[in-house]
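J.: Take this structure, written in structure tokens, and hold onto it; I'll ask about it next.
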Amino acid sequence: MKRKPLHEDPIKHIVWKGDRLQVLDQRLLPRTVKFATCRTAADVAKATRDMVLRGAPLIGCAAAYGMALAARRNRLKDVLAAEPLLRRARPTAVNLMHALDRMLDVAKSGPEATLSKRMAAAAEAYYRDDLAFNARMATLGAALLKKGSNVITHCNAGALATAGIGTAVGMIRAGWIAGKVAHVYPCETRPYLQGARLTLWELMKAGIPATLITDNMAAHLMKTRKIDAVIVGSDRIAANADVCNKIGTYGLAILAKHHGIPFYVVAPSTTVDLSTKHGDDIPIEERSIQEVVEIFGAPIAPKGAKAHHFGFDVTPHALVTAIVTEKGVVSPANSVNLRKVLTTHVHP
Ligand code: MRU
């Protein structure tokens, strides 16, 4: 299979049309490729809440476009009303809050007559920034890998979760192009199956050798096969460099430590939340238990079963080998290094 150039946008899954936003409905993948149309900020909030679109950086980009939709009639009060709607859509991915803060600043920084134009331009800029951050992180991250690595990833931190080629999957893709990644093992990622449905779909489309594992196979794989790295994304990184990501990430980090395998987190600076001091202070989304006791509407537990559905967990920074951001690599992952890298000015 021909290796596609790194910066080629592999999947056009979010398309801004000026008066509407079209997003690929990720709930239907990989069986059906179908776009949903958002005409209002409320539509974007609902699409985010219902997981039509997901992944921290993409949630941020969509919220920025949602604010641009709210500004279409050049009325600041519409934008101010839309903002809390969008902010409530999901609690954990801080990219959402970051995008809304940025868009609010833009809304308030000029005359109402130009509101729509300014907000559309700001949303486009937010999207383009994320695309560029992906490419930069991919290059920085791939440099950390040794030739011929077999890697495990979790959830979907790929193109579908961002504006570009992805965070963790972007690093994997760059590593594969450079001959540093030989094989990828995506965990299926119960209960929402982002690994099986989305990451494997992306990897197979890109022609990257990949073998699906269920979440409970990771330990056995690390013990019995050559695994050289675990590479994941993040939804929020606290000031002390603790990393919040999809449920199951913490367990993988413990396993990686036990087996002496490097554990890499790839996330743009928009995922870092310096106002949250410690990982344990990050709000963890709890979703409907239907998503646990059923698969595609079919029950898999006894009727009336109790269940938990924690969407995310927090990995203590001591288990993280490095955090790859577009501004540089934070290693060892701690508060001092995180702050140092984030305040570095990077020339484009
Ligand atoms: O619930 P999701 O699918 O939105 O969770 C996504 C993840 O946990 C990703 O790993 C994270 O957002 C990083 S995406 C680049």
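The values are calculated or read from the model by the stated rules, or taken from the named source; none is laboratory data. Since we're looking at a predicted model, the values are computed, not measured. Counting neighbours? That spans all protein chains shown, and the Cβs are built from the backbone with ideal geometry, glycine included. SASA here: full protein model, heavy atoms, side chains in, ligands and nucleic acids out. Shrake-Rupley method; radii C 1.70, N 1.55, O 1.52, S 1.80 Å.
J.: Starting from the Cα of Phe296, step 7 Å toward the Cβ, then list every residue of segment 13-31 with an amide N under 19 Å from that point.
T.: What the label zone holds, given the 19 Å backbone N cut-off, is 25-31.
J.: Of the residues His98, His183, His259, which exhibits the maximal mean-square fluctuation in a Gaussian network model of the chain defined by a 10 Å Cα contact cut-off?
T.: Most flexible of the set in this elastic network: His259.
J.: Hey, got the dipole for segment 138-342? About the Cα centre, +1 on K and R Cβ, -1 on D and E Cβ, debye to the nearest 20?
T.: Here segment 138-342 has a charge dipole of around 640 debye.
J.: While we're on this one: Strictly over 25 Å apart at the Cα level, which of Lys12/Lys77; Lys147/Lys223; Lys77/Lys117; Lys117/Lys246 would you flag in this model?
T.: Lys12/Lys77; Lys117/Lys246
J.: Lys and Arg at +1, Asp and Glu at -1: add these up for the other residues within a Cβ distance under 9 Å of Thr48 and post the number.
T.: That works out to +3.
J.: Identify, among His98, Leu131, Val33, the residue whose Cα sits farthest towards the positive end of the charge dipole of segment 14-133, taking +1 on the Cβ of Lys and Arg and -1 on the Cβ of Asp and Glu, with the dipole about the Cα centre.
T.: In segment 14-133, that residue is Val33.
J.: Could you sort the peptides 69-81, 296-308 by per-residue average Cβ neighbour count (10 Å cutoff), highest mean leading?
T.: Result, highest mean Cβ count within 10 Å first: 69-81, 296-308.
J.: Quick one: net charge of Val341's neighbours, Cβ under 13 Å, K/R +1, D/E -1?
T.: Charge balance near Val341 sits at +3.
J.: Quick one: dipole size for segment 14-133, taken about the Cα centre, charges +1 on Lys/Arg Cβ and -1 on Asp/Glu Cβ, in debye to the nearest 20.
T.: 340
J.: How far is it, in nm, from the label point at Ala42 to the one at Ser331 when both lie 7 Å from their Cα along the line to the Cβ?
T.: 4.9
J.: Still on this structure, please answer the following. How large is the dipole of the chain about the Cα centre if only Lys and Arg carry +1 and Asp and Glu carry -1, each at its Cβ, rounded to the nearest 20 debye?
T.: That gives a dipole near 660 debye.
J.: So, one more: For the chain, give me the percentage of DSSP beta bridges that are antiparallel, rounded to the nearest 5 percent.
T.: Bridges in the chain that DSSP calls antiparallel: roughly 55 percent.
J.: Compute the Cα gyration tensor for segment 162-224, then decide on rounded, prolate or oblate, letting a ≥ b ≥ c be the square roots of its eigenvalues: rounded whenever a/c is under 1.5, prolate when a/b is larger than b/c in the other cases, and oblate in all that remain.
T.: oblate
J.: Write down, largest first, the equivalent ellipsoid semi-axes of the chain in whole Å, where each equals the square root of 5 times an eigenvalue of the alpha-carbon gyration tensor.
T.: For the chain, the semi-axes come out at 31, 23, 20 Å.
J.: What accessible area per residue comes out for segment 138-342, rounded to a whole number of Å², with a 1.4 Å probe?
T.: Each residue of segment 138-342 exposes 38 Å² on average to a 1.4 Å probe.
J.: Let me ask you something else. For the charge dipole of the chain, defined by +1 on Lys and Arg C-beta atoms and -1 on Asp and Glu C-beta atoms about the Cα centroid, which residue among Pro283, Leu144, Ala305 has the Cα displaced farthest towards the positive pole?
T.: Leu144
J.: Something else now. Counting Lys +1, Arg +1, Asp -1, Glu -1, what net charge surrounds Asn156 among other residues with beta carbon under 9 Å of its beta carbon?
T.: Result for the neighbourhood of Asn156: +2.
J.: Pop the C-beta distance of Arg339 and His259 into the FRET formula with R0 = 35 Å and round what comes out to the nearest 0.05.
T.: Calculated transfer efficiency: 0.70.
J.: So, one more: Rounded if a/c is under 1.5, else prolate if a/b beats b/c, else oblate: with a ≥ b ≥ c from the C-alpha gyration tensor eigenvalues square-rooted, which is segment 147-274?
T.: Because its axes are fairly even, with a/c under 1.5, segment 147-274 counts as rounded.
J.: Okay, which of segment 286-303 sit inside 19 Å, backbone N to the point 7 Å along the Cα-Cβ direction of Met204?
T.: 296
J.: Something else: If the viscosity is 0.692 mPa s and the temperature 37 °C, what translational diffusion coefficient in µm²/s does Stokes-Einstein give for segment 1-145 when Rh comes from Kirkwood over Cα pairs?
T.: Diffusion coefficient, whole number: 208 µm²/s.
J.: What nm distance separates the two modelled labels at Ala113 and Met51, each placed 7 Å from Cα along Cα→Cβ?
T.: Computed distance between label sites Ala113 and Met51 equals 4.8 nm.
J.: Follow-up. Could you state the number of Å between the C-alpha centres of segment 96-127 and segment 258-287?
T.: 27
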